[in-house]
1. Among the listed residues Thr289, Thr304, which satisfies the condition of being within 16 Å of ligand 2 (Cβ to nearest atom) and more than 17 Å from Lys147 (Cβ to Cβ)?
2. Out of all the residues in the range 281-313, which are assigned to a helix (DSSP H, G or I) and among the basic types (Lys, Arg)?
3. Is it the case, given these coordinates, that Tyr319 is touching an Asp or Glu at 6+ places or on another chain (Cβ under 8 Å), part of a strand (DSSP E or B) and aromatic (Phe, Trp, Tyr)?
4. Considering only residues of the range 1-33 that are in a loop (DSSP other than H, G, I, E, B) and more than 16 Å from ligand 2 (Cβ to nearest atom), which is farthest from the chain's Cα centre (by Cα)?
5. Taking only the range 185-209 into account, find how many residues are free of Cβ contacts under 8 Å to residues at least 12 places away in the same chain and part of a loop (DSSP other than H, G, I, E, B).
6. In the set Gln132, Gln170, Gln166, Gln120, which member is without any contact (Cβ under 8 Å) to a residue 60 or more places away in the chain and either surrounded by 20 or more Cβ atoms within 10 Å (Cβ to Cβ) or within 16 Å of ligand 2 (Cβ to nearest atom) (or both)?
7. I'm told Ser152 meets every condition in (1) part of a helix (DSSP H, G or I); (2) surrounded by fewer than 21 Cβ atoms within 10 Å (Cβ to Cβ) except one. Can you identify the failing condition by its number?
8. If Ala334 satisfies all but one of (1) more than 30 Å from Gln120 (Cβ to Cβ); (2) in contact (Cβ under 8 Å) with a residue 12 or more places away in the chain, what's the number of the condition it fails?
Amino acid sequence: KNYTVAILGATGAVGTRLLSQLEQSEIPVGQIKLLASKRSAGKQLQFHDQSVVVEEATPASFDGVDIVLASAGGAVSKRLLPEAVKRGAVCVDNTSAFRMDPAVPLVVPEVNASALQKHQGIIANPNCSTIQMVAALKPIYDTAGLKQVVVSTYQAGSGAGQRAIQELDQQAQQHLDGQTMTSEIFPVKGAARHYPLAFNLLPQIDVFEPDGSTHEEWKMVHETKKILLDDMDATAIKVNATCVRVPVVIGHGESVYFEVAHPEKMNPTKMKEVLQQAPGVVVQDDPATQLYPQPINAAGTTATYVGRIRADLENQGGYNLWVVADNLLKGAAANTVAIAATLVKNQWL
Ligand code: A2P
Ligand code: 11C
């Protein structure tokens, strides 16, 4: 069977990559529909050698669609994906709209593909910073369990979308030209205050929660538990996150500290081995040759890179990792398309 696939948010930073990942995937695509806001209607994008006209997304756009890949923001997903499901489509959603819904699987295929079997039309793609962390932690969790994870992120500007990439470039240019940097998006679109990201660090990604954490930090805690623990007791692993925006265009970095539940089952050599064997993970770890993951090298690829693997010498069972991935590919488009490909391959649509 050839599938009719719709990309919702096709003109965005993730949307354009959904298109190229779909081109490279094994999914047999019969027809492609590119959907965005009214602003982009009429614009043309390339799929293989075909020029496809972007249409304004409406409920009727999903008539006859088998698979929807969505990345047009949470509000758009909330409004339109139930309409797509009503029309018989299966939706893989890259927004946070449905991630915590118990009826919606939250999936990184190499970590918890089997969760896809219980889908009811919508599957959620986790947040980019969660995906790369769980991809690295899963083989360790399977080998020695996990008690606690403490993560600090170094997140690229592109996580805030296509316009944010332009804003970061513009700020860098303004600074080099001796002008005052202007900011309308960072740290968060619609916030009361905006600050430049270029030549700066912003310890705010997404909005603040009443408890003083940011919503990005909240996502890292709760999504990690949902993915690794499935329906098990959410207190089984403690997760704590601090998320920081850094002036990098593509590629999130993460300093991940964790304590394994069974220290006798783990050591740094073993950790390197299980990570080397883990699907989707590439170990780049050699202090002698200064080999470690860097966003500049991860950009444009779909792997999760792990390095700086070392034990906490003061706390038995404690370990450090440095994890890097392309937030727009591994953290979004590649994972979304991999979910769809897994559904097709296993006939779980
Ligand atoms: P458009 O280009 O027409 O604004 P990014 O994450 O890079 O900011 O991209 C967001 C994506 O979501 C874009 O493709 C954008 O389309 C799309 N989008 C934004 N608002 C809507 C909407 N109301 N309906 C459909 N698509 C939307
Ligand atoms: C960022 N992680 O880097 C965000 C972007 O929940 O899918 C993705 C937000 C999400 O800004």
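1. Selected residue: Thr304, the only one of Thr289, Thr304 that is within 16 Å of ligand 2 (Cβ to nearest atom) and more than 17 Å from Lys147 (Cβ to Cβ).
2. none
3. Yes; evaluated as a whole, the condition is true for this residue.
4. Lys1
5. Here the count works out to 5.
6. Going through Gln132, Gln170, Gln166, Gln120 in turn, the sole match is Gln166.
7. Of (1) part of a helix (DSSP H, G or I); (2) surrounded by fewer than 21 Cβ atoms within 10 Å (Cβ to Cβ), only one is false for Ser152: (1).
8. For Ala334, the exception is condition (1).
All of the numbers you see were taken from the coordinates with simple rules; none came from a lab. This one's a predicted model, so the numbers in the text were calculated from it and none came from an experiment. Cβ: placed from backbone, ideal geometry, glycine included. Neighbour counts: every protein chain shown.
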